[in-house]
Amino acid sequence: MNNHQGERTLYKIVNQFSKTLKMFNLSTSDARLFAFLYFNKTPLTLDEMSDALGKSKTSVNTSARNLVDANLANRVWRKGIRKDLYQANPDLFQSLMDASVSRWINFTAEQRDSLEELRKSLQNNEADKSLDTPLQRIIEFHHDIEDSFQKLK
């Protein structure tokens with residue numbers, strides 16, 4: 001297989017794999033960059049990623065930061081190279097699950113906190129007190145979800 005054909009095959013794989021990665025709430029750009037990094041054996045600079053994907057350096061930089069924040073990629077150091085290098089976290093399943101579970105925990109906690117604030121406001125309003133019991137069950141449901149996600153972590 002010649003290099004050009006190998007490159008086309010790689011991009012087909014990256015495009016298909018990035019569709020799966022979107023299921024984990026990654027943007028299209030982030031998913032494509034992660035898939036591309038995952039198949040590269042060596043860490044890449046922003047310039048290399050930008051050239052390979054045909055994206056602006058700013059766009060690639062944003063996606064790279066998003067991937068590092070989600071622990072899906074790492075910034076690595078190489079002696080003699082002054083530019084930042086990025087590499088996909090090789091533990092694919094664990095990385096994606098950790099990022100998703102953390103996001104679910106944060107979202108559930110935010111929802112629970114919002115519902116608890118609503119419940120406090122209901123306690124001051126006699127007309128809305130009938131909503132207290134169902135609301136409490138919903139808050140408990142959010143606690144249960146959060147506990148379940150914590151166990152997955």
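The values are calculated or read from the model by the stated rules, or taken from the named source; none is laboratory data. Fair warning: this is a prediction, and the values are worked out from it, not measured in the lab. FYI the Cβ positions are ideal-geometry reconstructions off the backbone, even for glycines, and counts take in every protein chain you see.
Residues checked against (1) surrounded by fewer than 16 Cβ atoms within 10 Å (Cβ to Cβ); (2) touching a residue at least 12 places away in the same chain (Cβ under 8 Å):
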position: Asp69; (1), (2): yes, no
position: Phe93; (1), (2): yes, no
position: Leu96; (1), (2): no, yes
position: Ser102; (1), (2): yes, yes
position: Asp132; (1), (2): yes, yes
position: His142; (1), (2): no, yes
Quiz item: When Ile81 is evaluated against the numbered criteria (1) surrounded by fewer than 16 Cβ atoms within 10 Å (Cβ to Cβ); (2) in the same structural domain as Leu10 (by TED's automatic domain parsing); (3) within 24 Å of Asn25 (Cα to Cα), which criterion, by number, is the only one it fails?
Solution: (3)
Exercise. Quick one: in segment 4-31, of everything that is free of Cβ contacts under 8 Å to residues at least 12 places away in the same chain and basic (Lys, Arg), which residue is farthest from Leu92 (Cα to Cα)?
Key: Arg8
Quiz item: Would you pick out the residues in segment 37-67 that are surrounded by 13 or more Cβ atoms within 10 Å (Cβ to Cβ) and over 24 Å from Phe24 (Cβ atoms)?
Solution: Thr45, Glu48, Asp51, Lys57
Exercise. Would you mind stating whether Asp47 is in contact (Cβ under 8 Å) with a residue 12 or more places away in the chain and over 22 Å from Lys12 (Cα atoms)?
Key: no
Quiz item: Checking Phe34 against (1) surrounded by 19 or more Cβ atoms within 10 Å (Cβ to Cβ); (2) without any contact (Cβ under 8 Å) to a residue 40 or more places away in the chain; (3) farther than 26 Å from Ser148 by Cβ, which single condition isn't satisfied?
Solution: (2)
